[in-house]
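> My structure is below; once you've seen it, I'll send some questions.
The values are calculated or read from the model by the stated rules, or taken from the named source; none is laboratory data. The structure presented is a predicted model; accordingly, all values stated were derived computationally and were not measured. Glycine gets a Cβ as well: all are built from the backbone with ideal geometry, and neighbour counts include every protein chain shown.
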Ligand SMILES: NC(=O)c1ccc[n+]([C@@H]2O[C@H](COP(=O)([O-])OP(=O)(O)OC[C@H]3O[C@@H](n4cnc5c(N)ncnc54)[C@H](O)[C@@H]3O)[C@@H](O)[C@H]2O)c1
């Protein structure tokens with residue numbers, strides 16, 4: 001559904017009116033308009049900084065330079081020593097950050113390696129680096145911090161400082177969203193340093209346009225991370241609920257990156273499913289996710305034609321909203337069975353027969369499972385259950401060289417949200433740091449990243465793709 005307010009405030013009349021009477025103007029987000037590129041930061045300036053004692057500078061500089069970025073530094077910053085040393089050792093050229101208005105392109109991104117923080121007092125290095133350069137970030141820019149996960153640190157002062165970064169990035173996300181800029185934090189355990197390359201590429205490019213204010217902890221990868229372009233070529237992917245909305249967009253985006261998609265949907269949606277699959281050369285499977293033989297039907301369809309599954313996206317989901325006191329048992333059962341029970345049963349079956357080694361699974365949760373909504377006890381329970389489930393199953397998939405993660409959408413412009421009454425719909429789409437609803441493509445981009453071997457260091461995690469929705473923060 002069109003966001004008419006956003007379109008209006010970007011028309012010439014709307015722009016002047018909004019400026020005259022002080023109406024908020026949601027930014028027009030820059031989204032990816034094609035497949036992943038091998039040098040997605042080509043021609044972009046990225047300002048890099050570090051704290052004293054930073055340990056991720058080498059992989060960070062290699063990744064940014066490999067992605068085509070022009071690297072800039074603030075030569076007078078007190079924490080620069082590790083970065084300069086790494087740049088010299090790797091023979092990577094860094095330039096001084098030009099003064100505002102010097103005619104040079106603005107910084108597309110500001111990236112800070114905070115892995116060396118050993119005490120709260122050292123957080124001043126973060127302030128000294130980020131505060132003066134905020135105004136120089138281009139529209140739709142990126143702010144990214146790298147740290148060591150607090151859970152991996154024993155020292156009290158270091159653990160405190162590392163945890164402080166979470167509050168910093170969540171607050172900053174709420175300040176910089178007005179021009180489409182995002183702010184996120186990646187927590188890197190030792191052993192995963194080399195895996196940051198593809199993760200940086202996701203967070204620093206338009207593929208993550210609606211992801212802000214998030215903390216993503218990485219895990220030590222089972223396999224070496226690979227660049228996303230081409231990594232899904234020849235992979236076999238099953239997407240449930242693929243006839244329309246978010247599922248259709250996930251199917252299209254996986255196909256865009258080279259995967260062969262089997263789109264599954266309820267037999268009542270067979271027409272829409274056929275249309276979506278025809279567009280992407282995919283195969284339709286009309287099957288209810290709650291059918292008792294769903295897993296064996298999937299395994300036999302896939303086995304016959306493709307051998308096995310590399311990717312499964314559990315996207316099918318429904319709402320049946322009612323205050324709990326008025327909720328009939330069949331509303332409860334239906335939502336629990338489709339949104340949660342079916343995921344467990346299908347995976348259980350496919351783990352016996354259907355998944356290939358290295359299979360990657362992505363489940364769709366919701367911020368409704370994090371913040372909760374009146375009238376959605378059933379839905380909220382399922383979407384929170386998904387978060388616990390991916391956490392619990394991470395080691396099972398890791399043992400087979402794969403992973404299982406979840407994406408939690410916020411307010412996304414689909415048939416589901418178009419059916420909401422005007423008032424709640426308008427509130428729902430504005431109460432986030434980017435002042436607008438997301439598009440199905442935003443979820444599809446995150447799912448595609450998680451489904452690819454590029455996200456080899458992400459397992460058991462749930463990433464909110466919600467523009468930093470103010471619910472459940
Ligand atoms: N739209 C949002 O704002 C939003 C927000 C958070 C989470 N989500 C989640 O994203 C997912 C997709 O949502 P959407 O907005 O695209 O919804 P949608 O209603 O547009 O699409 C859901 C699809 O799932 C299919 N489906 C439903 N029951 C099925 C069953 N028993 N077997 C097979 N297929 C079945 C439907 O036929 C439909 O094609 C859902 O899991 C939803 O809970 C959506």
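> Please verify whether residue 318 is near the ligand (Cβ under 8 Å from one of its atoms), surrounded by fewer than 17 Cβ atoms within 10 Å (Cβ to Cβ) and in the same structural domain as residue 243 (by TED's automatic domain parsing), treating the condition exactly as stated.
For residue 318, the condition - near the ligand (Cβ under 8 Å from one of its atoms), surrounded by fewer than 17 Cβ atoms within 10 Å (Cβ to Cβ) and in the same structural domain as residue 243 (by TED's automatic domain parsing) - is met.
> Further question on the same structure: Looking at the structure I just gave you, is residue 213 more than 16 Å from the ligand (Cβ to nearest atom), within 19 Å of the chain's Cα centre (by Cα) and in a loop (DSSP other than H, G, I, E, B)?
Yes: the conditions hold for residue 213.
> Out of 384, 403, 374, 398, report the one residue that is in contact with a helix residue (DSSP H, G or I) (Cβ under 8 Å, 6 or more places away or on another chain) and more than 14 Å from the ligand (Cβ to nearest atom).
Answer to the check: 403.
> Now, a different point. Can you list the helices (runs of 4 or more DSSP H) lying wholly within region 2-86 that have 2 or more residues being at pLDDT 95 or above?
The helices (runs of 4 or more DSSP H) meeting that bar are 57-66.
> Does residue 195 qualify as being away from the ligand (no atom under 16 Å from the Cβ), assigned by TED's automatic domain parsing to the domain that holds residue 30, at pLDDT below 95 and in contact with a helix residue (DSSP H, G or I) (Cβ under 9 Å, 6 or more places away or on another chain)?
Yes, satisfied.
> Checking the condition buried (at least 21 other Cβ atoms within 10 Å of the Cβ) and out of contact with any strand residue (DSSP E or B) (no Cβ under 8 Å at 6 or more places or on another chain), which residue from 102, 86, 114 passes?
One residue alone meets the criteria, 86.
> Which of the residues belonging to region 288-313 are within 8 Å of the ligand (Cβ to nearest atom) and within 30 Å of residue 453 (Cβ to Cβ)?
Of everything in region 288-313, just one residue is within 8 Å of the ligand (Cβ to nearest atom) and within 30 Å of residue 453 (Cβ to Cβ), namely 289.
> Could you check region 221-243 and list, in sequence order, the residues that are over 19 Å from the mean Cα position of the chain (by Cα) and more than 20 Å from residue 294 (Cα to Cα)?
222, 223, 224, 230, 233, 234, 235
> For region 263-287, how many residues meet the condition of being surrounded by fewer than 17 Cβ atoms within 10 Å (Cβ to Cβ) and within 8 Å of the ligand (Cβ to nearest atom)?
The number of residues fulfilling the criteria is 1.
> Among the residues in region 452-463, are any within 15 Å of the ligand (Cβ to nearest atom) and not in a strand (DSSP E or B)?
no
> Right, something else. Can you list residue pairs whose Cβ atoms sit under 8 Å apart, with the first residue in region 405-423 being without any contact (Cβ under 8 Å) to a residue 12 or more places away in the chain and the second being surrounded by 16 or more Cβ atoms within 10 Å (Cβ to Cβ)? Count only pairs 6 or more apart in sequence or on different chains.
Filtered contacts from region 405-423: 420/428.
To keep it simple, each residue is scored yes or no on (1) in contact with a strand residue (DSSP E or B) (Cβ under 6 Å, 6 or more places away or on another chain); (2) closer than 28 Å to residue 145 by Cα.
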position	(1), (2)
219	no, yes
229	no, yes
233	no, no
244	no, no
252	no, no
259	yes, no
264	yes, no
268	no, no
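> Going by what's in this entry, would residue 352 be described as buried (at least 18 other Cβ atoms within 10 Å of the Cβ) and either more than 9 Å from the ligand (Cβ to nearest atom) or under 19 Å from the mean Cα position of the chain (by Cα) (or both)?
It is false that residue 352 is buried (at least 18 other Cβ atoms within 10 Å of the Cβ) and either more than 9 Å from the ligand (Cβ to nearest atom) or under 19 Å from the mean Cα position of the chain (by Cα) (or both).
> All but one of (1) at pLDDT 95 or above; (2) within 12 Å of the ligand (Cβ to nearest atom) hold for residue 417; state the number of the condition that does not hold.
The failed condition is (1).
> For region 226-246, how many residues meet the condition of being within 6 Å of the ligand (Cβ to nearest atom) and either farther than 25 Å from residue 299 by Cβ or surrounded by fewer than 24 Cβ atoms within 10 Å (Cβ to Cβ) (or both)?
Of the residues in that region, 2 qualify.
> Run residue 362 past the list (1) in contact (Cβ under 8 Å) with a residue 40 or more places away in the chain; (2) near the ligand (Cβ under 10 Å from one of its atoms); (3) surrounded by 23 or more Cβ atoms within 10 Å (Cβ to Cβ) and report the number of the one that doesn't hold.
Of everything listed in (1) in contact (Cβ under 8 Å) with a residue 40 or more places away in the chain; (2) near the ligand (Cβ under 10 Å from one of its atoms); (3) surrounded by 23 or more Cβ atoms within 10 Å (Cβ to Cβ), residue 362 misses just condition (2).
> From the list 62, 119, exactly one residue is in contact with a helix residue (DSSP H, G or I) (Cβ under 9 Å, 6 or more places away or on another chain) and loosely packed, with under 14 Cβ neighbours inside 10 Å. Which is it?
Selected residue: 119, the only one of 62, 119 that is in contact with a helix residue (DSSP H, G or I) (Cβ under 9 Å, 6 or more places away or on another chain) and loosely packed, with under 14 Cβ neighbours inside 10 Å.
> Kindly list the number of the only condition in (1) touching a residue at least 24 places away in the same chain (Cβ under 8 Å); (2) more than 19 Å from residue 348 (Cα to Cα) that fails for residue 294.
So the condition that residue 294 fails would be (2).
> Output the residue which, of all residues in region 427-451 that are part of a helix (DSSP H, G or I) and either free of Cβ contacts under 8 Å to residues at least 24 places away in the same chain or at positive phi (or both), is surrounded by the most Cβ atoms within 10 Å (Cβ to Cβ).
428
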